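Everything on this sheet refers to the single structure shown next.
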Amino acid sequence: MIESLKGILHKKDPTTAIIDVGGVRLSVNITLSTYEKLEEINSSIELLTYFNVREDAMELYGFIDDNERYLFKQLTSINGIGPKSALNILSGTSPNSFKKNIINGDIGSLTSIPGIGAKTAKRIIIELKDKFIDSGQAVDLGFQLDSTEKDIIDDVIKVLLSLGYKRSSIDKAVSEIATKEILKEDLENIIKMTLKKL
């Protein structure tokens with residue numbers, strides 16, 4: 001498994017980045033969102049990767065962050081969705097929007113993404129919805145969570161789910177109240193603040 005590539009960006013377009021790694025130039029398949037976040041040509045760059053080996057080809061897929069690569073791996077775990085299809089799907093949406101649409105069972109939003117028909121959308125929802133709910137992957141707070149903050153968010157979500165609130169409503173409430181400062185408070189206080197938003 002090739003975990004990541006670090007080198008000089010030699011060339012880029014919306015589907016491919018060519019990275020010079022110690023004199024060897026490697027072609028990496030990328031999503032549109034990764035392309036938009038790439039540095040200028042000749043800049044130092046690091047991409048997280050997924051290495052796909054087939055009988056007739058070896059392909060590298062690159063991602064600007066682990067969030068996008070995680071979703072790519074989840075999509076390719078679904079029967080009938082290969083790496084190229086997963087890349088096309090991710091190029092038509094943002095990871096956070098995609099995950100929220102899956103959790104909400106929003107077939108209409110999913111089928112608006114190129115490459116996803118109604119049957120595929122239903123299959124994606126069936127196979128991934130519970131994984132995203134259980135993993136706490138849906139809340140987009142606009143900043144990176146450390147492990148302690150992530151545990152606090154997970155605890156808040158579990159408590160509120162046990163009280164019968166819908167996951168989509170909880171996510172919205174948490175995103176409205178959560179800041180780095182608030183996440184340092186007692187769990188009970190954070191739950192109370194979140195409840196006021198529900």
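In this structure, is residue 109 within 17 Å of residue 66 (Cβ to Cβ), modelled with pLDDT of 80 or more and surrounded by fewer than 18 Cβ atoms within 10 Å (Cβ to Cβ)? No: the conditions fail for residue 109. When 126, 116, 153 are checked against the criterion of being modelled with pLDDT of 85 or more and assigned by TED's automatic domain parsing to the domain that holds residue 192, a single residue qualifies: 153. Taken over region 153-197, residues that are touching an Asp or Glu at 6+ places or on another chain (Cβ under 9 Å) and either surrounded by fewer than 14 Cβ atoms within 10 Å (Cβ to Cβ) or not charged (D, E, K, R) (or both) amount to 12. Applying a threshold of 6 Å to beta carbon distances and a minimum spacing of six or more residues, or different chains, the list of pairs starting in region 119-131 at a residue that is charged (D, E, K, R) and surrounded by 14 or more Cβ atoms within 10 Å (Cβ to Cβ) and ending at one that is at pLDDT 90 or above and not in a helix (DSSP H, G or I) reads 127/78.
The values are calculated or read from the model by the stated rules, or taken from the named source; none is laboratory data. Because the structure is a prediction, the values reported are computed rather than measured. Neighbour counts run over all protein chains shown; Cβ positions are idealised from the backbone, glycine included.
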